[in-house]
Amino acid sequence: MSKISSSLPGFTLLELLIATVLGSILLLSATALFMTFMIGNANTNARRQMSAEGIQMLGTLEYHIRNAKSATCGGGNQTLTLDKLDGSQAPANACFTRLSPSDPLILHFNKSGACANNALHSNFVITSGSSFTCAQDSNGKTTVTVKFTLGTSEDASITETFSRIIQLRNS
């Protein structure tokens, strides 16, 4: 007579439970790592876009300020009035405007006296005060300091400050 084996090869219930738990831990670790990568990527893209928009705004302001005949800061340093070299044009105004703290930054620059047209719009908000500061140096040249801080929201952890001192060529 032949002997019948009473145990068949296979996994026990305990071995299956341990394998399932270890597999779940590996999947959760991979998911956490992927989410960390995605959040970091989103932050990097926001910083890159914020930097590009801030540099564009500074460049636009610098062009107009540098080529103005005179500059006057006003409105608690929130507005800037520039007289162009061509006397036939009305003074141009630049101002940083938001209707509410959650609204995006709008840099208005126009010649109508009010800051309402020809706006450069941004996806970001000013997280701390923006300012235009006018001064005269020892040579009698007018300089304008432009400063503003952009963020993804009013209480953002991602912010960048933009500042530039610009001397008028023709003052």
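The values are calculated or read from the model by the stated rules, or taken from the named source; none is laboratory data. Fair warning: this is a prediction, and the values are worked out from it, not measured in the lab. Calculation scope for accessible area: heavy atoms of the full protein, side chains included, ligands and nucleic acids excluded. Shrake-Rupley method; radii C 1.70, N 1.55, O 1.52, S 1.80 Å.
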Open item on the list: Using only the heavy atoms of the protein chains and a 1.4 Å probe, how would SER131, SER163 rank by accessible area, largest first?
Closed with: SER163, SER131
Open item on the list: Multiplying the sequence separation of ASN41 and ILE158 by 0.36 nm and subtracting their Cα-Cα distance, what value in nm do you get?
Closed with: 40.8 nm
